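Enquirer: After the structure tokens below, expect a handful of questions from me.
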Amino acid sequence: MYSRIAGTGSYLPEKILTNADLEKIVDTTDEWIRTRTGISQRHIAVEGETTTDLAEHAARNAMAAAGVTAEEIDLVCVGTTTPDLVFPNVGTLLQDRLNIHGCPAFSLEAACASFLYALGVADKFVRLGDAKCALVVGAETLTRLVDWSDRGTCVLFADGAGAVVLKPAEEPGIISTHLHADGKYKDLLLYPDGVSLGFNLVRAGKAGVRMKGNEVYKVAVNTLGQLVTETLSAKGIDKSQLDWLIPHQANIRIIEAIAKRLDLPMERVIVTIETHGNTSAASVPLALDAGVRDGRIKRGQLLLLEAFGGGFTWGSALVRY
Ligand code: UT7
């Protein structure tokens, strides 16, 4: 038994923040942001717009694309680092919005790799016969964690959501998933406050994402390079067989480096970073949905999804769409 992607969906909040807008907030330029990151604009959740709101739109789009009703969903798994509440979890809040009752619903947190983690977990539920129709979401309001005085990070992050519906299949589908983490890198990319620390930095107005960008960049390129090699060699697949790379959208230069490693021309890479920015857990399913909806990604094609984030956490999936 395998799982296959029956439908995809996504959603971006309406409010757009351009590089020109950021020039008015911090000491930066449109030119610096575009050449160093590839980002021109990003979507931002307005006050009161939550991760569950974004997840609900993306989930409904994916369910419509898959042709499934709420009654059919028997697993809700949301990857996110920015939950609405400490609890109930976003999976449960989303389940309620969709009027689904009784099935397992949870969120899991692995920073920018959260969607790949959620996909890996949900795939196993389906493969084991424990779910027949799994809703898997990556949703984020990451701009809520941003320190708007830190030009090194505030120009990068954005909000959004993407979703897939997984159904059982006799042929893959999800061919394999590969999940990794190494907490020794915890100090390179983090939000240094939380529940059990008492939110003291938040209270003092000193919280915000902290990143040693240059060091993260080097480890990301290296690690993702190894990850794509591992993903292909696990099933004896040659890089020439790949149709699409669907990478985490953190930096266009990282994306180009991984495409080069795979000998893939950029025409076979789904790139959304220019208009989406880095939406963390949402970035891969947003890019997947963009490629599906504009007709580039077709049924039967071979896709490699990958992401890398704080922890560090990283993960990939090889998918026959
Ligand atoms: O999604 C999770 C994983 N995250 C990532 O993979 C992100 C990885 N890192 C990166 O993408 C890049 O490191 C950044 C885009 C964050 C930064 O690019 P960089 O080429 O590594 O720049 P840098 O940090 O080495 O900084 C170069 C210069 C510095 O100035 P000095 O010291 O050379 O005078 C920075 O202060 O650029 C300066 N700088 C900026 N200048 C204008 C940093 N941020 C900005 C800014 N505008 N927004």
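The values are calculated or read from the model by the stated rules, or taken from the named source; none is laboratory data. Values in this document were obtained by computation on a predicted structure and should not be read as measured data. Note: ideal-geometry Cβ built from the backbone for every residue, glycine included; neighbour counts use all protein chains shown. Just so you know, the surface numbers come from the protein's heavy atoms only, side chains and all, with ligands and any DNA or RNA stripped out. Shrake-Rupley method; radii C 1.70, N 1.55, O 1.52, S 1.80 Å.
Enquirer: Return the carbon/sulfur percentage of the accessible area of segment 188-245, one whole number, probe 1.4 Å, all protein chains in place.
Expert: 54 percent
Enquirer: Moving to a separate point now. Hey, can you grab everything whose amide H is under 5 Å from the amide H of LEU98? Only 5+ residues off in sequence or another chain; H modelled, so Pro and N-termini drop out.
Expert: Amide H neighbours of LEU98: none.
Enquirer: Could you give the size of the charge dipole of segment 107-253 about its Cα centre, using +1 on the Cβ of each K and R and -1 on the Cβ of each D and E, expressed in debye and rounded to the nearest 20?
Expert: 340 debye
Enquirer: Taking 2.2 N^0.38 Å as the expected size of a compact globular protein, what ratio does the Cα radius of gyration of segment 188-321 give against it, to two decimals?
Expert: Compared with the compact-globule rule of thumb, segment 188-321 sits at 1.18.
Enquirer: Excluding residues fewer than 8 places away in the same chain, name every one of the aspartates and glutamates whose C-alpha is closer than 14 Å to that of LYS298.
Expert: ASP243, ASP289
Enquirer: How many nm separate the modelled label positions at ASN214 and THR275, each set 7 Å beyond the Cα in the direction of the Cβ?
Expert: Each label point lies 7 Å from its Cα, and together they span 3.4 nm.
Enquirer: I've got another one for you. Starting from the Cα of GLU49, step 7 Å along the direction of its Cβ; do the same at ILE25; then give the gap between the two resulting points in nm.
Expert: The answer from the label model is 1.3 nm.
Enquirer: Based on Cβ point charges of +1 for Lys and Arg and -1 for Asp and Glu, what charge dipole magnitude is obtained for the chain about its Cα centre, in debye rounded to the nearest 20?
Expert: For this selection, approximately 640 debye.
Enquirer: In nm², what is the average projected area of the convex hull enclosing the Cα atoms of segment 133-231?
Expert: Dividing the Cα hull surface by four gives the mean projection, 8.9 nm².
Enquirer: Here's another thing I want to ask about it. Can you check what the Kirkwood hydrodynamic radius comes to for segment 120-173, Cα pairs only, in Å to one decimal?
Expert: 13.6 Å
Enquirer: Right, something else. Residues with amide H under 5 Å of ARG4's amide H, sequence separation 5 or more or different chain, H placed in the peptide plane at 1.01 Å from N; which?
Expert: Under 5 Å from the amide H of ARG4: LYS167, ALA169, ILE174.
Enquirer: Once label points are set 7 Å from the Cα along Cα→Cβ at both TRP32 and SER196, what is their separation, rounded to one decimal in nm?
Expert: Placing both labels 7 Å beyond Cα along the Cβ direction yields 3.8 nm.
Enquirer: Take the Cα gyration tensor of the chain, multiply each eigenvalue by 5, square-root it, and list the three semi-axes largest first, rounded to whole angstrom.
Expert: They are 28, 24, 18 Å, listed largest first.
Enquirer: Any idea what the relative contact order of segment 175-246 is, in percent, if you count C-alpha pairs under 8 Å spaced at least 6 apart?
Expert: 30 percent
Enquirer: Can you flag which of LYS15/LYS212; LYS15/LYS235; LYS15/LYS206 are past 31 Å Cα-Cα?
Expert: Flagged as over cut-off: LYS15/LYS235.
Enquirer: Along the Cα-to-Cβ line of SER149, 7 Å from the Cα, sits a label point; which residues in segment 192-213 have backbone N less than 13 Å from it?
Expert: Those under the cut-off are 204-208.
Enquirer: Hey, can you find the accessible area per residue of the chain for me, probe 1.4 Å, expressed in square angstrom?
Expert: Each residue of the chain exposes 42 Å² on average to a 1.4 Å probe.
Enquirer: So what is the relative contact order for segment 68-198, in percent, with contacts set as C-alpha pairs under 8 Å and at least six apart?
Expert: Computed value for segment 68-198: 25 percent relative contact order.
Enquirer: Moving on to the next point. Based on the alpha-carbon gyration tensor of segment 1-111 and its eigenvalue square roots a ≥ b ≥ c, which shape applies: rounded if a/c is under 1.5, prolate if not and a/b is larger than b/c, or oblate?
Expert: Prolate, since a/c reaches 1.5 and a/b exceeds b/c.
Enquirer: Shifting gears a bit: What are the residues whose amide H is under 5 Å from the amide H of GLY160, where those residues sit 5 or more places off or on another chain and H is modelled from the backbone?
Expert: So GLY160 has HN proximity to GLU140, LEU142.
Enquirer: Something else: Calculated from DSSP H runs of 4 or more alone, at -39500 (n - 2.57) each and per residue, what is the 222 nm mean residue ellipticity of the chain, nearest 500?
Expert: -9500 deg cm²/dmol
Enquirer: Using a 7 Å offset from Cα along Cα-Cβ at GLU267, what residues in segment 293-321 end up with backbone N under 17 Å from the label point?
Expert: 295-298
Enquirer: Enumerate the residues in segment 278-321 having an amide nitrogen under 17 Å from the point lying 7 Å beyond the Cα of ARG97 toward its Cβ.
Expert: Answer for segment 278-321: 280-283, 285-286.
Enquirer: Find the centroid of the Cα atoms in segment 252-271 and in segment 37-94, then give the distance between the two in whole Å.
Expert: 28 Å
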